[in-house]
Amino acid sequence: MTYDLQGAKTPLKTKIAVHWQYGAATHSGWQRTLNDDRSLLRMGLTSRGIPYAAAALADGMGGLADGGLAGDEAIDGLRSWLEEELPDLLESKDRWGLLEASIQRRFESIHCSISERALSQGMKQGTTLTVLLLFDSVYWIFHIGDCRVYKLSGRGGRQTRLARLTRDHTWVGRQVRLGLMAADTAGKHPKRNVLLRYLGMRGRARIDVRCGLYERQCLFLLTSDGLHGPLADGGVSRLIGENGGRVEDVQALCDALLSRTLEGTAPDNASVLALRPTDPGKAGLRRFGARLSIIVHRIRHPRLPWWLSG
């Protein structure tokens, strides 16, 4: 059973909605006539009744030809993967190995499709794509480009610890990681929007993979650079802190983040997705078993760079 947020007009079915809270907001920005950001949110249950959710954000590159078309292709390709492959993968014994290999192939398929169409039309096209998958206390992130995933967690109903779970595949991001540029300088640098990795680029498009554990009531945010660029990590933290670190309404948080962005010049498309698990998930030995299953998976499949956290 699945539910697709994009284009939907009806509310979530109760048996799915009890497991998740979500929000979404987007705007073209004050200096753009078109919005090339594309998003997708899907929730479902396996045949064993275990809930899962996936959120994705694609930022079509407006500086290239028809960035919205590339973003559409990325989201459409991901949507078909969620429908045709993900449910069976989550039921399989070696789910993590099969899952990672399968979505890697889907990213590569989207990349090749965008590249081939652009070549046949004699133009450049490209898009970022960031995917978050939550299942049975385990999160997976598959990422290329400069959209971001944040995890907000805390104790006693207050969510005060904001952690960025992705890294920007930009020229300035690489300079910061090499210690050649300060983060404050990167946000104002003329090359801050220059991407080094994206779908549709020349050559192979390498994606980052990250996995870890999540707890009940933690909050995940996906943002495009048009939102986290003007706000920066500190701006997101300050806005949440204005309410004592309590996020009661996930949609209201998305609206507030977008409104705060639009108070400035907002030169680019700005988007945010929010997803919060409300079911208890695994605890105790079961949670330890979930972490162990990820570690065993990485020992068996050490091919790709990865990060384990949570």
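Read the figures in this text as sums done on the coordinates, not as results from a lab. On a predicted model such as this, the values are computed, not experimentally measured, just so you know. Don't worry about glycine lacking a Cβ; one is built from the backbone with ideal geometry, like all the others, and counts go over all protein chains shown.
What is the spin-label model distance, in nm, from residue 278 to residue 171 if the labels are put 7 Å beyond Cα along the C-beta direction?
Computed distance between label sites residue 278 and residue 171 equals 4.6 nm.
What does the extension gain come out to for residue 182 and residue 295, with contour length at 0.36 nm per residue minus their alpha carbon separation?
Stretched out fully, the residue 182 to residue 295 stretch lengthens by 37.3 nm.
Amide H of residue 194 versus every other amide H placed in the peptide plane: which residues, excluding those fewer than 5 positions away on the same chain, fall under 5 Å?
The list, which skips near neighbours in sequence, is 171, 172.
Exactly which chymotrypsin sites (Phe, Trp or Tyr not before Pro) in segment 192-224 are in a DSSP loop and have at most 10 other Cβ atoms within 10 Å?
Loop-located and lightly packed - none at all.
Give, in nm to one decimal, the length gained when the segment between residue 48 and residue 72 is fully stretched (0.36 nm per residue of separation minus the Cα-Cα distance).
5.4 nm
Tell me the label-point distance for the pair residue 288, residue 164, using the 7 Å Cα-to-Cβ offset, in nm and rounded to one decimal.
Distance between the two pseudo-spin positions: 3.5 nm.
Considering only DSSP states other than H, G, I, E and B, which trypsin sites (Lys or Arg not before Pro) in segment 92-140 qualify as loop sites with at most 14 other Cβ atoms within 10 Å?
Counting only loop positions with at most 14 other Cβ atoms within 10 Å, the trypsin sites (Lys or Arg not before Pro) in segment 92-140 are 93.
Given a Förster radius of 41 Å and the C-beta distance between residue 94 and residue 255 as r, what FRET efficiency does 1/(1 + (r/R0)^6) yield to the nearest 0.05?
0.50
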